[in-house]
1. Out of (1) under 22 Å from residue 119 (Cα atoms); (2) open to solvent by 20 Å² or more (accessible area, probe 1.4 Å); (3) over 17 Å from the mean Cα position of the chain (by Cα), what's the single condition that is false for residue 286?
2. Is it the case, given these coordinates, that residue 21 is open to solvent by 20 Å² or more (accessible area, probe 1.4 Å) and free of Cβ contacts under 8 Å to residues at least 60 places away in the same chain?
3. Restricting attention to the range 190-218, which residues are assigned to a loop (DSSP other than H, G, I, E, B), surrounded by fewer than 12 Cβ atoms within 10 Å (Cβ to Cβ) and either among the acidic types (Asp, Glu) or at pLDDT 95 or above (or both)?
4. Among (1) touching a helix residue (DSSP H, G or I) at 6+ places or on another chain (Cβ under 9 Å); (2) at pLDDT 95 or above; (3) of a type outside the set (Ser, Thr, Tyr), there is one condition residue 19 misses while meeting the rest; what is its number?
5. I'd like the full set of residues that are over 21 Å from residue 300 (Cα atoms), outside any loop (DSSP other than H, G, I, E, B), in contact with a Leu (Cβ under 8 Å, 6 or more places away or on another chain) and among the polar types (S, T, N, Q), limited to the range 221-258.
6. Which of the residues that make up the range 50-98 are open to solvent by 10 Å² or more (accessible area, probe 1.4 Å), free of Cβ contacts under 8 Å to residues at least 40 places away in the same chain and in contact with a Lys or Arg (Cβ under 7 Å, 6 or more places away or on another chain)?
7. Working carefully through the options 61, 95, find the one that is closer than 20 Å to residue 285 by Cβ and among the aromatic types (Phe, Trp, Tyr).
8. Out of the range 1-18, which residues are of a type in the set (Gly, Ala, Ser) and either open to solvent by less than 80 Å² (accessible area, probe 1.4 Å) or within 23 Å of residue 154 (Cα to Cα) (or both)?
Amino acid sequence: MTIAASFWRRRFPRLPAGVPRLFEVEPGSRVRGECHWQGEPQAHPTLVLLHGLEGSIESGYMRGTAEKAYVVGFNVVRLNQRNCGGTEELTPTLYHSGLSGDIRAVLLELIAADGLPELFAAGFSMGGNLVLKMAGEFGDAAPPEICGFVAVAPAFDLAACADALAEPQNFIYQRHFVTGLKRHMRYKAKLFPDRYPIDGMRGIRTVREWDDVITAPFCGFANADDYYARSSALQLVGAIRRPTLILTAKDDPFVPFATFGDAALRANPNITFVATEHGGHCAFISRDPGEGRFWAERRIVEYCLRQSGTR
């Protein structure tokens, strides 16, 4: 199902063309969003979407969720993570699973500069980790305009996910991620040759090796284990204080279901946790041939609709 979703041909005729926008997330670093505004944006809730590892604003689940949300009255912002979607020139830095401050900066700008009254953030996989990490970091201090969060198949125990990717049956996913990361790093090194020597990249075969050789030294971590420990949202889910939906599938190939047994997650009354028997990784393809084909996309929008106007 994971593979099928990646190659599924989809069209989004009800999603109008977006308006590109650059958000400064820290001095010298910007991320690109694609904004789909209703006629009077301040009169509608807004959903900000964040993709997963090696995804972009053009990923099918991003566009599918955006279309479903826009049709029922949401403004939608599809957000690239740093360096993703062809935006390597917008920052000298790399992207990684600890940069929850980026989506936080985008939400705060939408509140301060656009005057939007209700905001929701939803993330997929790596993006789900970032959304949950931000939610936990906000704790009780989230602005009142931020009404809720959604995480689909969140990779919120990074060490466990890296270990799962290294299982023999997951070689196709591991190779996909490592190949993509190397390709983007080669381009990044051309843009910033003095900053990113990539001589040691050839021998990297796994995501954990990537994080040891590339992510950790270039992003301020001691090694992969230090990166995983400091960037995993699992340690912060107990601090989440706004309504939050977490969706996962028990057969996700590389986000182990065991990670969702965390006591703080299960005990947090602000978190609604839903686990399906099947769904793969961020796929959730149903038998419904119509609007419900991509089950998780509809659940995201329905959950945010229920929370809209309740605070």
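1. (1)
2. Working: open to solvent by 20 Å² or more (accessible area, probe 1.4 Å): yes; free of Cβ contacts under 8 Å to residues at least 60 places away in the same chain: yes.
So residue 21 fits the description; yes.
3. The initial filter retains those residues of the range 190-218 that are assigned to a loop (DSSP other than H, G, I, E, B), namely 192-198, 202-206.
Keeping just the survivors that are surrounded by fewer than 12 Cβ atoms within 10 Å (Cβ to Cβ) gives 193-194, 197, 202-203.
Once the filter is applied, which keeps residues that are assigned to a loop (DSSP other than H, G, I, E, B), surrounded by fewer than 12 Cβ atoms within 10 Å (Cβ to Cβ) and either among the acidic types (Asp, Glu) or at pLDDT 95 or above (or both), the range 190-218 yields only 194.
4. (1)
5. Within the range 221-258, just 231 meets the criteria.
6. Correct list: 95 only.
7. Values: 95 fails: closer than 20 Å to residue 285 by Cβ.
Among 61, 95, only 61 is closer than 20 Å to residue 285 by Cβ and among the aromatic types (Phe, Trp, Tyr).
8. Initially, the range 1-18 is screened for residues of a type in the set (Gly, Ala, Ser), giving 4-6, 17-18.
Matches in the range 1-18: 4, 5, 6, 18.
The values are calculated or read from the model by the stated rules, or taken from the named source; none is laboratory data. Only a predicted model underlies this, so the values are computations on that prediction, with no experimental measurement involved. Glycine also receives a Cβ, built like all others from the backbone with ideal geometry; neighbour counts cover every protein chain displayed. To get the accessible areas, we keep the full protein, side chains included, count just its heavy atoms, and leave off ligands, DNA and RNA. Shrake-Rupley method; radii C 1.70, N 1.55, O 1.52, S 1.80 Å.
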